[in-house]
Each structure stands twice: as C-alpha cells, then as structure tokens.
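Visitor: Before I ask anything, let me first share the structure, which is written out below as structure tokens.
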Amino acid sequence: MTNSELAWHSQYWMLLGAARVRAADWTGGQNAIDRAFQLGAKGDPWDRLFLAIAFWHRGEASEAHHFYHRAAAAIDAQPQPRDPALDRLRDEAAALIRARTPQPGTTGSARS
C-alpha cells in the first residue's frame, strides 16, 4: 500500500471512529480511531476529543482526562480564530468528563 493510500485509509478510520462515538458505540469508536493510529495517523484535537468521550462512557476516566487534556493543549496552541465546531466539541467533552477548561494565562495539567 502506498503512503497516500495509507493516509486515506487512516482518515477513513478516524471518520468512522467519530461516527461510532456519535452513535454511542463507544468501543467501536475507540477501536476505529486506534486502527487509524495503527495505519500511521498522527491524530489531531478532534480525534483526541472523540477518544476522551468514548473512554469516559466506557468508565475509563483517567484515559478520558488524558485525551481531553492532550486535545485541549493542542487547541490552545492553535492560532485564532479557531473552528467553532471544534470549540463546541471541546466544551461537550469538558462538560461530560467534568474537566475544568484552563483559563487564559494558566497552565493545564496536560499529560504528554
């Protein structure tokens, strides 16, 4: 498989993972996103937020917080203006896992 084919396949798996999380298939969503990473996907804040939501619903709060904080750090590093849909997904994940969104000028407890 060529690099461009792998990239396309990894994007497919990421999209499938997000769709499965939206359909409340927490395990299926997590598995699809994991498959994308196996195919070489680097991941982005969207993927990490969907993983945070999936882990939370599966009862894995530590992993949920880990992926939420990684996504939040990446979002905070993005230039303004940001995608409003990404900010809404971040707010949704934060409300779900009760993660406090760091205030501007403070540091979060992001795990690398």
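Visitor: Which of the three applies to segment 3-97, rounded, prolate or oblate, going by the alpha-carbon gyration tensor with a ≥ b ≥ c and a/c under 1.5 meaning rounded?
Guide: oblate
Visitor: With a 10 Å Cβ neighbour count serving as the proxy for reagent exposure, in which order, fewest first, do Ser62, Ser10 appear?
Guide: Listed from fewest to most nearby Cβ atoms, that is Ser62, Ser10.
Visitor: Among 31-39, 82-90, what's the highest-first ranking by average C-beta atoms within 10 angstrom per residue? Walk me through the numbers before you get to the answer.
Guide: Numbers: 31-39: 17.9, 82-90: 13.8.
The packing order, highest mean first, is 31-39, 82-90.
Visitor: Neighbouring Cβ atoms within 10 Å as the yardstick, rank Phe55, Phe67 fewest first. Walk me through the numbers on the way to the answer.
Guide: Numbers: Phe55 22, Phe67 26.
Lowest count first: Phe55, Phe67.
Any read-out appearing in this document is the output of simple, stated calculations on the displayed coordinates, not a laboratory observation. Please read all numbers here as calculations on a predicted model, not as lab measurements. Neighbour counts are summed over all protein chains in view; Cβ atoms, including those assigned to glycine, are modelled from backbone coordinates with ideal geometry.
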